């Protein structure tokens, strides 16, 4: 009987002890509702009708802009450069300048280059240091720079030829290359051929 009593005591008290522990444990989770302090401004925003609120996402940043329109005329300096580059001309770095001066004096944009092709293989066959690609002074004229030579040629073509109505190679030829030198008109044919090739 002494051995049975502790077993009875254990089995009857253990469920009561476990039940009490569970009740205490569960009651620790029951607390008074927490009071949250919210400012009056937040309460007014939260109580506002959600239909009156609108939400916007920012626009994406612009990818790029077009600063100017490209016109067919803009290709002409490139045509001059490509042509001079094709013939390994020392004038290649001056292609933009040739176009600018041609525009300034109202000349056909390819005339200076075409004459240089016929007279000197676009400046590859000229007297050393003369910068004279256009046969000026029967090839004896000398200039101090490419820019100076280009401007002088353009100004001469404008004042001595264009201004008196000589604008095509056939019209320019009799004065530029007198018939006694250019028998049969190959100079005009040459200039016309290279004008066409340049375009």
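For the reader, a short list of remarks on this structure follows.
- Comparison of 123, 118 shows that the only residue that is part of a loop (DSSP other than H, G, I, E, B), buried (at least 20 other Cβ atoms within 10 Å of the Cβ) and touching a residue at least 24 places away in the same chain (Cβ under 8 Å) is 123.
- Restricting region 177-199 to residues that are over 26 Å from residue 82 (Cβ atoms) and in contact with a helix residue (DSSP H, G or I) (Cβ under 8 Å, 6 or more places away or on another chain), the residue that is modelled with the highest pLDDT: 177
- Of all the listed residues (65, 51, 17), the sole one being modelled with pLDDT under 65 and part of a helix (DSSP H, G or I) is 51.
- Condition met for residue 154 (buried (at least 19 other Cβ atoms within 10 Å of the Cβ) and touching a residue at least 40 places away in the same chain (Cβ under 8 Å)): yes
- Every residue from region 126-145 that is within 18 Å of residue 92 (Cβ to Cβ) and over 37 Å from the mean Cα position of the chain (by Cα): 126
The values are calculated or read from the model by the stated rules, or taken from the named source; none is laboratory data. Owing to the predicted nature of the structure, the values given are computational and were not obtained by experimental measurement. Methodologically, a virtual Cβ is constructed for each residue, glycine included, from the backbone with ideal geometry; neighbour enumeration extends over all protein chains shown.
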